[in-house]
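These notes concern the structure reproduced below.
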Amino acid sequence: MTGWYITANDIKNWVATNKKKAEILLPELIKRLVLTCDNKADVNFPSGDSVSNEGWDGIVKSEHGNKYIPKGMSGWEIGTDKSVKGKANSDYEKRTNDASPLNRNKDTYIFISPRHWAKKDNWVKEQLDNGLWKDIRAHNAESLANWIQDSPAVHRWFAGVIGKRVTGMSDLDQAWSIFSNYTAHQLTTTFFLEGNTEATTKLHEGLIKISKVTIQADSFIEAYGFVLSALLNGNDYSYKALIIENQTAWDWAVSSEQSLILITMSFTRTLRSSCS
């Protein structure tokens, strides 16, 4: 599976050759990564056409936090400029002068650059020494690559974004895009969820309990369409789901330390380890 792993060089090269596209998609990448860490977090990362809007590039509220996202409120700025330090200083000054709706004494400032930034830690220390924020963090291409590799479903999605060919598995968005176009008239999630409120609730409850969930339906197509639809309409789950098509992909997925939702396709898997 290692042929499609995302590296720091992949990220740097993608931004260098697709700067405009990167500006649009990076907020979506960070949002997905945050939700894999804490799917109960309150996350707001405008993406697409909304990236040019005034205000923070992202705001996150997490009750738990981890090595990638802080506990409590945090404001995020993303810069793709070649002059990383210049952009970092500019955004830091702007948000320090006007942190609204954050409170500098209680919240965390985070700057992200998908480029090489060898002195990232020095920059963080310099700003912390100013004592103007409760905490300050920063990510560069290297730390983003580590975060992506710790997040299998996002890893699979982003590999497709930057053009790496992945076989044996699909992320939820890709799987639905293919499945929903099987018929002459495009299928919708509403079609599969209509009248299945109880079944959807039971599926979600089964996932919360970290267990194996079996779906019974009149056909494989009906069961598969229902599962995809239920997960796409449950924000707590969509960024942790992978559709697995062979043993190699299964072995890679279950080796992750992250809690995942694995949807197995038509192969007989060997249970060498367990996951959620």
Q: Enumerate by residue number the trypsin sites (Lys or Arg not before Pro) in segment 149-231 meeting two conditions: DSSP loop (anything except H, G, I, E, B), and at most 16 other Cβ atoms within 10 Å of the site's Cβ.
A: LYS164, ARG165, LYS209, LYS212
Q | Relative contact order, percent, the chain [alpha-carbon distance under 8 Å, six or more residues apart] | A | 17
Q) Counting only heavy atoms of protein chains, what accessible area per residue, in Å², does the chain have with a probe of 1.4 Å? A) 52
Q. Does segment 5-158 classify as rounded, prolate or oblate by the C-alpha gyration tensor (a ≥ b ≥ c root eigenvalues; a/c under 1.5 gives rounded; else a/b over b/c gives prolate, otherwise oblate)?
A. rounded
Q: With everything on Cα atoms, drop me the angle between helix 8-17 and the longest principal axis of the chain, reported from 0 to 90° to the nearest 10.
A: 80
Q) Taking the structure as given and computing Cα extents along the principal axes in Å, which label from (1) 47, 42, 34; (2) 66, 41, 33; (3) 63, 39, 38 fits? A) (3)
Q) What fraction of the DSSP beta bridges in the chain is antiparallel, stated in percent and rounded to the nearest 5? A) 45
Q. For ILE261, which sequence-distant residues (separation of 5 or more, or a different chain) have an amide H within less than 5 Å of its own amide H, given hydrogens modelled in the peptide plane?
A. ALA241, LEU242
Q. About its Cα centre, what dipole magnitude does segment 134-276 give when the only charges are +1 on Lys and Arg Cβ and -1 on Asp and Glu Cβ, stated in debye to the nearest 20?
A. 320
Q. Placing +1 at every Lys and Arg Cβ and -1 at every Asp and Glu Cβ, with all other atoms neutral, what dipole size does the chain have around its Cα centre, in debye to the nearest 20?
A. 780
Q: Hey, can you grab everything whose amide H is under 5 Å from the amide H of ASP57? Only 5+ residues off in sequence or another chain; H modelled, so Pro and N-termini drop out.
A: TRP76, ILE78
**Q.** Of TRP250, ASN140, LEU193, farthest towards positive along the dipole that unit charges on Lys, Arg, Asp, Glu beta carbons give the chain
**A.** ASN140
Q: Rank VAL15, VAL254, VAL213 by mean-square fluctuation in a GNM of the chain with C-alpha springs under 10 angstrom and give only the top-ranked residue.
A: VAL213
Q. Got a number for carbon plus sulfur as a percent of the chain's accessible area, 1.4 Å probe?
A. 46
Q.
In segment 82-131, if the dipole is taken from +1 on Lys/Arg beta carbons and -1 on Asp/Glu beta carbons about the Cα centre, which of LEU102, TYR92, GLY131 is farthest to the positive end?
A. TYR92
Q.
Between GLU28, GLU194, GLU77, where does the largest GNM mean-square fluctuation fall for the chain, given springs only between Cα atoms within less than 10 Å?
A. GLU194
Q) Angle between the Cα long axis of helix 120-130 and the longest principal axis of the chain, 0 to 90 degrees, nearest 10? A) 60
Q | Debye, to nearest 20: dipole size of segment 101-155, +1 on Lys, Arg Cβ, -1 on Asp, Glu Cβ | A | 140
**Q.** Note, ³J(HN,Hα) from phi for segment 138-152, Karplus 6.51, -1.76, 1.60, rounded to Hz, x at Gly and Pro
**A.** 8, 10, 10, 4, 5, 6, 5, 4, 5, 5, 4, 5, 7, 10, x
Q) Amide H to amide H under 5 Å from ASN233: which residues, 5+ apart in sequence or cross-chain, H placed 1.01 Å off N in plane? A) none
Q. Any idea of GLU142's accessible area? Nearest 10 Å², probe 1.4 Å.
A. 60
Q: Could you work out which residue, out of GLY195, GLY55, GLY65, moves most in a Gaussian network model of the chain, that is, has the largest mean-square fluctuation with Cα springs under 10 Å?
A: GLY195
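The values are calculated or read from the model by the stated rules, or taken from the named source; none is laboratory data. None of these values were measured; they are calculated from a predicted model. Positions of Cβ are backbone-derived with ideal geometry, glycine not excepted, and every protein chain shown enters the neighbour counts. The area values use the complete protein model at the heavy-atom level, side chains included, leaving out ligands, DNA and RNA. Shrake-Rupley method; radii C 1.70, N 1.55, O 1.52, S 1.80 Å.
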